[in-house]
Amino acid sequence: MSNKIAKIPQLSYLIVLYVLLFTLVLLVIKVNAQSNRAAIFFEAESGVLGGNINIESDQSAAGRSSIVFSSQTSACPTGQTGTPPNCVTLPAGSCVGAIHTPGGSDGMGGCWPGPNNTGVPANVTLTNYSDNCVITVANTVIDSKLINCVIQIQAPNVTIKNSKINGRVVNSSTSNSFTIIDSEIIGPKGANPNDDYTVLGEYNFTVLRVEVTGGNRSIYCHNTCNVRDSYTHGQNIVQDVRVHASGFRQSQNGTVIHNALTCDVADTPSGGGCSASLTGYGDFEPVKNNLLEKNLFVATTGGTCAYGGSSGDDGSKPFGRQAENIRFIDNIFQRGPGGKCGYWFPISDFDSTRPGNVWSNNKFDNGVIVPPAN
């Protein structure tokens, strides 16, 4: 064998070498082309395809087709929400407006509360309410009414549903309670600094799919509330005195889930206007035991979108250093014109070192994480 090899002319060695090199170059080019396509090919079989999988023509395969696992895209297709490959198709016409706006997609497969899905349902016919505005009978139910007064809750287990209220709903006692569902409340104008025009509050109440406007404070959870799928906005204050406003004030034992909260009243010449979409101050008792989860904090004209409960921890408020068990989880903060949700900050006076306080996965509407601040 060695004698035969020795007899091959030197030129033949060069030809063989060139052929081998040329074949190697072609192989490298083909591999690079396939890797740039970010796909892996298998012979197609029968069955249901899922994920990022397609069937493409391939004449070299036994069935003349191949399964292609393509690279994932960074966004779901139009009409879907979520993150690939976990895209969810939105029901037609279910959301109104851009993503992360009141009524628009919440990015979780549903819609944020807004004018289209809170308040009195479209198929409800209202009749005038003519009974007593001071409710003293337990288990009272008010349904499908147009109410033009301040409803004062002085009994347990009162229910208001499918109704429009030109006034307020107020419970000032821990002995009483109420639930309000699928209703709209339009509060009076906040007329002077001494007016406490809370539109909806303050003790032992449940709120579901309610739109609240007017007043200088939309909702006040003084103690024990459960507020879900509701929309606060459109506060109403006079222009000639120093009145401050907010979309929601937290104090103690509140569960606040999947709401659209904002304070959007314009600043007044005297220095009045919005404090924040969500407030919570240690003036009268510690702010504590509140869960704020999956809410949309709509950009506000106030200094910050949310207060975290430790306002006055420098000693300026008597309970400012006693906030505890305040949990902000999976909330969305609109950036707004200034990119910060509020004029200065998205969140202020949240102390991560206080017992039980949690700040987890809160984001701007562009997906950037919002850090806690104090």
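The values are calculated or read from the model by the stated rules, or taken from the named source; none is laboratory data. Owing to the predicted nature of the structure, the values given are computational and were not obtained by experimental measurement. No Cβ is skipped: glycine too gets one built from the backbone with ideal geometry, and neighbour counts run over all protein chains shown.
Tabulated results
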| quantity | calculated |
| --- | --- |
| Scan of the stretch 117-130 for residues that are surrounded by 18 or more Cβ atoms within 10 Å (Cβ to Cβ) and within 18 Å of residue 207 (Cβ to Cβ), ordered by number | 117, 118, 119, 120 |
| Selection from the stretch 184-213 of residues that are touching a Gly at 6+ places or on another chain (Cβ under 7 Å), hydroxyl-bearing (Ser, Thr, Tyr) and at pLDDT 95 or above | 213 |
| Conditions (1) assigned to a loop (DSSP other than H, G, I, E, B); (2) over 30 Å from the mean Cα position of the chain (by Cα); (3) not hydrophobic (A, V, I, L, M, F, W, C); number of the one not met by residue 152 | (1) |
| All positions within the stretch 227-261 that are within 13 Å of residue 113 (Cβ to Cβ) and free of Cβ contacts under 8 Å to residues at least 60 places away in the same chain | 227, 228, 232, 247, 248, 256, 257, 261 |
| Odd one out for residue 155, checked against (1) over 30 Å from residue 266 (Cβ atoms); (2) without any contact (Cβ under 8 Å) to a residue 24 or more places away in the chain; (3) surrounded by fewer than 17 Cβ atoms within 10 Å (Cβ to Cβ) | (3) |
| Any hit, the stretch 210-226, residues being more than 21 Å from residue 260 (Cα to Cα), touching a residue at least 12 places away in the same chain (Cβ under 8 Å) and buried (at least 17 other Cβ atoms within 10 Å of the Cβ) | no |
| Any pair with Cβ under 6 angstrom, 6 or more apart, that starts in the stretch 355-374 at a residue that is among the β-branched types (Val, Ile, Thr) and ends at one that is part of a loop (DSSP other than H, G, I, E, B) | 370/362 |
| Residue among 197, 203 that alone is of a type in the set (Phe, Trp, Tyr) and within 26 Å of the chain's Cα centre (by Cα) | 203 |
| Any hit, the stretch 181-195, residues being of a type outside the set (A, V, I, L, M), within 19 Å of residue 257 (Cβ to Cβ) and either in contact with a helix residue (DSSP H, G or I) (Cβ under 6 Å, 6 or more places away or on another chain) or in a strand (DSSP E or B) (or both) | no |
| Residues of the stretch 317-342 satisfying the condition of being surrounded by fewer than 19 Cβ atoms within 10 Å (Cβ to Cβ) and under 20 Å from the mean Cα position of the chain (by Cα) | 327, 329, 330, 335, 337, 338, 339 |
| Verdict on residue 301 being hydroxyl-bearing (Ser, Thr, Tyr), within 22 Å of residue 112 (Cα to Cα), touching a strand residue (DSSP E or B) at 6+ places or on another chain (Cβ under 8 Å) and surrounded by fewer than 24 Cβ atoms within 10 Å (Cβ to Cβ) | yes |
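Okay, residues lined up against (1) among the β-branched types (Val, Ile, Thr); (2) without any contact (Cβ under 8 Å) to a residue 60 or more places away in the chain; (3) touching a Phe, Trp or Tyr at 6+ places or on another chain (Cβ under 9 Å):
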| site | (1), (2), (3) |
| --- | --- |
| 292 | no, yes, yes |
| 300 | yes, yes, yes |
| 310 | no, no, yes |
| 316 | no, yes, no |
| 325 | no, yes, no |
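Residue-by-condition table, conditions (1) at pLDDT below 95; (2) farther than 24 Å from residue 228 by Cα; (3) small (Gly, Ala, Ser); (4) out of contact with any helix residue (DSSP H, G or I) (no Cβ under 8 Å at 6 or more places or on another chain):
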| site | (1), (2), (3), (4) |
| --- | --- |
| 319 | yes, yes, no, yes |
| 325 | no, no, no, yes |
| 333 | no, no, no, yes |
| 346 | no, no, no, yes |
| 352 | yes, yes, yes, yes |
| 356 | no, no, yes, yes |
| 359 | no, no, no, yes |
| 364 | no, no, no, yes |
| 367 | no, no, yes, yes |
